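Just below is one structure, and these are the notes that go with it.
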Amino acid sequence: MTETARDAAPEPTTDPTATPVTIDIWSDIACPWCYIGKRHLEEGLAALGEDAPAVEITYHSFELAPDTPVDFEGSEVDFLAHHKGLPADQVRQMLDRVTGIAAQAGLDYRFDRLQHTKTLKAHEALHHALAHGRQLELKERLFHAYFTEGGHVGRVEDLVRYAGEVGLDENEMRAALEDGRHASAVAADIAQAAAYGIQGVPFFVVDGRYGVSGAQPAEVFAEVVQRAVADRADDAGEDGAR
Amino acid sequence: MSEPTGTPAARGALPHPTAERPAASPFTLVGAAAPVCVDGVCELPAEPARRADEAEPLV
């Protein structure tokens, strides 16, 4: 699996795997299904084995709860019960169930530790990481920090530390977050999601052609990637026949 | 230091939606209904089904 910057659409070719299959993902850190969906995607690609084409994965920003304060005080149950008006016992049962589903995907969700926060700066950090070729690493680091470690992903200093842990320059990340140079890119992602009619996350776009909504099973991701490769072969055949 | 090259559409990798006629879904949708988070609310499907109409609110 590779992650490289894209500057233009792939040139037509007779080899359907000459360029990576693109997978664009709209996602938020504070989204339990996004982390589970990430794992399912990885499992689906791994299941293809030697038949797996090179893929180019790019994460895009989607802020689920933009009105969340950076320093929300209280537990996840408190936040959900107050924010959504649900009984605390019902929230606990729901969190227990999603924790069980996450465990089936090999993830250790700890909602008892989770620090709810605004994720806008995390999205800026992910754009900075994309520009420096470390977006997938930072995305995984932030998901794990948020859902498993009880880490804070809303404050600049914490994000700088996570960035350093995945090999990014901490001083550059701090400067980028403080001057907000990636804020317009975050806003553009969010606007583009709205323009595409994307209302929920995770949302995956495979090769600019197929849309996959939600934490689908691994086999769905494997199938759609294979279909994208087959489409390329069909397209190349049609071009060659003209 | 390189900066982001903009949105995928700007880079030519994805379809351009238009402001006048937003693309509700310019993509061919694949897969059955699966859990998503919408507007701060995450859905948990009734087990074991994954149909949207069987989902209940999670958060």
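Every number in this text was worked out from the coordinates using simple rules, so none of it is lab data. Predicted model only: the values in this text are computed from it and were never measured. Ideal geometry is used to build each Cβ from the backbone, glycine not excepted, and the neighbour counts take in all protein chains shown.
Once both labels are positioned 7 Å from their Cα atoms along Cα-to-Cβ, the gap between A:D234 and B:T28 label points is 0.5 nm. When A:S75, A:S27 are arranged by Cβ crowding within 10 Å, least crowded first, meaning fewest neighbours, the order is A:S75, A:S27. Each of A:E165, A:E73, A:E56 has some number of other Cβ atoms within 10 Å of its Cβ, and from fewest to most they run A:E73, A:E165, A:E56. Pairs of C-alpha atoms in region A:99-162 farther apart than 15 Å represent 50 percent of all such pairs. Applying 1/(1 + (r/R0)^6) with r as the Cβ-Cβ distance of A:V70 and A:E43 and R0 = 30 angstrom yields a FRET efficiency of 0.35. Global dimensions of chain A from alpha-carbon coordinates: Rg and Dmax equal 18.9, 64 Å.
Residues whose amide H comes within less than 5 Å of that of A:T58, counting only those at least five positions distant or on another chain, are A:I23, A:D24, A:I25 (H built at 1.01 Å from N in the peptide plane). Net charge of the neighbourhood of A:D71, taken over other residues with C-beta under 10 Å away and scored Lys/Arg +1, Asp/Glu -1, is +1. Under the rule a/c < 1.5 gives rounded, and otherwise a/b versus b/c splits prolate from oblate, where does region A:190-233 land using the Cα gyration tensor? Note, shape of region A:190-233 comes out oblate. Cross-link partners of A:K139 among lysines, defined as those whose alpha carbon lies under 23 angstrom from its own and excluding same-chain residues fewer than eight positions apart: A:K38, A:K118, A:K121. Helices in chain A, meaning DSSP H runs of at least 4 residues, each add -39500 (n - 2.57). Divided by all residues, the mean residue ellipticity at 222 nm is -16000 deg cm²/dmol.
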